[in-house]
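Shown next, in structure tokens, is the structure this report addresses.
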Amino acid sequence: MKRKLTWLLALSLVLSMFLAACSGDKDKADDPKEPADDPKVEEVEQVLNFVNGDKIPSMDPSMATDEYGFQFLGATMEGLYRLDENAKVAPGIATKHEVSADGKTWTFTLREDAKWSNGDPVTANDFVYAWQRAVDPATGSEYGPYMMGGVIKNATAVNKGEVPLDQLGVKADGDYKLVVELENATAYFESLTTFGTFLPLNKKFVEEKGDAFATSADTLVSNGPFKFESWESTADKWTLVKNADYWDAATVKLEKMNYQVVKEAQTAVDLYEAGTVDRAGLSSDLVDQYATHEDYVVTPQTSVFYFKINQTKNKALANVNIRKAISRAFDKESLVNEILNNGSIVANGLVPKDFVPTPDGKDFREVSGDLVKYDVAEAQKFWEQGLKELGIDKLTVEFLGGDSDTSKMMDQFIANQLQKNLPGLTITLKPVPFEQRLDLDTAMDYDVQFAGWGPDFLDPYTFLNLWLTDGGNNKMGYSNPEYDKLVNETATTLATDNKARFENFLKAEKILFEDAAIAPVYQKATAQLVSPKVQGVFVNPFGATYEYKWSSVAATE
């Protein structure tokens, strides 16, 4: 998910993003037990209190681009399918679907008991309107063209204004049948329908609210397990409550979730110790203090963090040897062990470990191997060559990062490493709030930024399509025709040849690091204190980080 990561290092750069999330196995973040069908659950007030690393930038499904937006969209909305408590694709508004022999036409049958929180029925037309709105150039969505382009028939052409909006490959066949035409057979399309950009929208409500839509609890309408009781776009506190109009409300045990923005890990822990919140992320120093605590939990994830190296603003960064030097000149092992200290692991590629297997059953990361490692001697050779090619002996680079305590600590560590290992380099740190970092990324107004990505669906394409020429998430001026060809073929001519697709993915990832387009840093894990009363909160392998539909509050002694 975009800039998890989205976006982005909230609560220690460890609790955010990225965009934007492992295999299909169940991964309980908060408790190893199943949600209890215990009478005690009914006796306890079903209210949980959490912290969030920053404000929610947008609750408009067409405009959301970050982990926070997609997290709360996932809690308050439901698409054709959603991930269940086993992280498997399960019925949502759709109860079933049929696929044509060529894999290009998907016909979804929708349930007739689904309602919006204002009482309106959820219909096929709500999906048609939402998907058209997401690619309508007048909307200005980033994720609509990114997620639907090359997947939904005519999505790119519609977004470019080349064909009318009604030519998008999505049609309602009555109120409860949705027909979707794809550009090509798409192996991961079923999982794609669980993602926030593909959520339905109540056209009458959206148009009635106009520019105010999705700016407050009063200008939102929900069709998912929860809805906002209170929230404004500028708020640093908000409350979600159970949505009584949700078609599967009987399954939802939680009655309320209260959130407050907390950026400092120590503050979150203080709130946890006081019993004010039920979960707190730990910074490295706090991990050492709490690692033996009975509430200590480490959860591996599939978000990957890296440097985006902008080749357009600072012309020196257009030099491949300068980029290669930067990507090899900092000690990633020390960073994950000493700064993060939360179970995160070093990343020497882009596609994460334990995310997807190759057709022969091996982990993609294992097959692709380590593509760029910490190596000071090699970094300095590239550095000297790059400086020589540029005709300079020193260089100043601005480094864009987050404004949480751990984020600042991490960025300072990296700056010290780069300046020590690359003589003549000066790093200027620029810590900013999450939303500002998103804006600077969109405007490509940075030299190097610390960013991350959590997958949107279970396929390497969710990572490798980020860096296609002029792609919506590229935003750093990278372009390689051979890379584009390899990645695009996986979604077009090779769409039904899984072995060939993965061969292309492996080749493309190697090209990405031969070009030093990005510098991988680490694969995320979270170290947290989690109250034993929190039951059945699951970590999704992609999309919204947490799933609360099956959560509950258990009695504790």
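What is the gain in length, in nm to one decimal, between T492 and A274 on full extension, counting 0.36 nm per residue of separation less the C-alpha to C-alpha distance?
Stretched out fully, the T492 to A274 stretch lengthens by 73.0 nm.
If each residue of separation counts as 0.36 nm, what is the full-extension length gain between K313 and K160 once their alpha-carbon separation is subtracted?
Values: separation 153, 0.36 × 153 = 55.08 nm, distance 2.61 nm.
Separation in residues times 0.36 nm, less the Cα-Cα distance, equals 52.5 nm.
Can you tell me how the range 401-451 classifies by the Cα gyration tensor, rounded, prolate or oblate, using a/c under 1.5 as the rounded cut?
oblate
Under the √(5λ) rule applied to the eigenvalues of the Cα gyration tensor, what semi-axes describe the equivalent ellipsoid of the range 60-210? Give them in Å, descending.
They are 20, 19, 16 Å, listed largest first.
With only alpha-carbon atoms in the gyration tensor, what are the semi-axes of the equivalent ellipsoid for the range 263-382, in Å, largest first? Before the final figure, lay out each step's value.
Numbers: eigenvalues 221, 86, 37 Å².
Working through the eigenvalues yields semi-axes of 33, 21, 14 Å.
Take every DSSP beta bridge whose two residues both sit in the chain, then give the antiparallel share in percent to the nearest 5. Show your work: numbers first, answer last.
Numbers: 55 of 70 bridges.
Taking every DSSP beta bridge with both residues in the chain, the antiparallel ones total about 80 percent.
Holding the Cα-Cα limit at 24 Å, pick out from K324/K394; K104/K203; K203/K263; K104/K204; K153/K485 the pairs that are longer than that.
Among K324/K394; K104/K203; K203/K263; K104/K204; K153/K485, the Cα-Cα distance tops 24 Å for K104/K203; K203/K263; K104/K204.
Within the range 401-494, which GluC sites (Glu not before Pro) sit in a loop by DSSP and count at most 14 neighbouring Cβ atoms inside 10 Å?
Filter output for the range 401-494: empty list.
For a label point 7 Å from the Cα of K353 along Cα→C-beta, name the residues of the range 509-547 whose backbone N is under 15 Å from it.
Taking a point 7 Å out along Cα→Cβ of K353, the residues of the range 509-547 whose backbone N falls under 15 Å are 521-526.
Taking a cut-off of 15 Å between Cα atoms, list the aspartates and glutamates near K430, but don't count ones fewer than 8 places away on the same chain.
Candidates past the 8-residue exclusion: E398, D403, D405, D411, D439, D441, D445, D447.
Using only Cα atoms, locate the centre of the range 486-557 and the centre of the range 356-425, then give the distance between them in Å, rounded to an integer.
22
Full extension from E207 to K381: what is 0.36 nm times the residue separation minus their Cα-Cα distance, to one decimal in nm?
My answer for the length gained is 56.8 nm.
If each of D173 and E232 carries a label point 7 Å out from its Cα toward its Cβ, how far apart are those two points in nm?
Here the answer is 4.7 nm between the modelled labels.
Could you work out the relative contact order of the range 60-210? I mean the mean sequence separation of Cα pairs under 8 Å and 6+ apart, divided by the number of residues, in percent.
Computed over the range 60-210, the figure is 31 percent.
Counting Lys and Arg as +1 and Asp and Glu as -1, each charge on the Cβ, what is the dipole of the range 300-525 about the Cα centre in debye, to the nearest 20?
380
Quick query: amide H of D248 versus all other amide H atoms, modeled in the peptide plane; which residues come in under 5 Å with a sequence gap of 5 or more or a different chain?
Excluding prolines and chain starts, which carry no amide H, there are no hits.
Would you work out the relative contact order for the range 300-525, in percent, from Cα pairs under 8 angstrom that are 6 or more residues apart?
In percent, rounded to a whole number, it is 36.
Please give the FRET efficiency for D285 paired with V44, using the beta carbon to beta carbon distance and R0 = 30 Å, rounded to the nearest 0.05.
Given R0 = 30 Å and the Cβ-Cβ separation, E is 0.35.
log₁₀ I(q)/I(0) of the chain at q = 0.07, 0.09, 0.10, 0.12 Å⁻¹, via Debye over equal Cα point scatterers, no solvent, to two decimals?
-0.38, -0.64, -0.79, -1.16
If you take the beta carbon distance between E389 and K507 as r and set R0 to 22 Å, what does 1/(1 + (r/R0)^6) give as a FRET efficiency, to the nearest 0.05?
Step by step, r from the Cβ atoms, then E = 0.25.
Each label point is 7 Å from the Cα along the Cα-to-Cβ direction; what then is the distance between the points at A443 and E514, in nm?
Using points 7 Å along Cα→Cβ, the separation is 3.7 nm.
Which of rounded, prolate or oblate describes the range 183-292 when judged by the alpha-carbon gyration tensor and an a/c cut-off of 1.5? Before the final figure, lay out the partial values.
On the way: a/c = 2.06, a/b = 1.56, b/c = 1.32.
Since a/c reaches 1.5 and a/b is larger than b/c, the shape of the range 183-292 is classed as prolate.
Treat each spin label as a single point 7 Å out from the Cα along the C-beta direction, and report the A555 to Q436 distance in nm.
That separation, rounded to one decimal, is 5.0 nm.
Does the range 424-557 come out rounded, prolate or oblate, given a ≥ b ≥ c as the square roots of the eigenvalues of its C-alpha gyration tensor, rounded meaning a/c under 1.5 and, failing that, prolate meaning a/b above b/c? Please report the intermediate quantities before stating the final value.
On the way: a/c = 2.59, a/b = 1.35, b/c = 1.91.
Since a/c reaches 1.5 but b/c is at least a/b, the shape of the range 424-557 is classed as oblate.
Where a number appears in this text, it was derived from the coordinates with a stated rule and is not lab data. Worth saying up front: this structure is predicted, and the values here are computed from it rather than measured. Here Cβ is always computed from backbone atoms with ideal geometry, including for glycine, and neighbour counts include all displayed protein chains.
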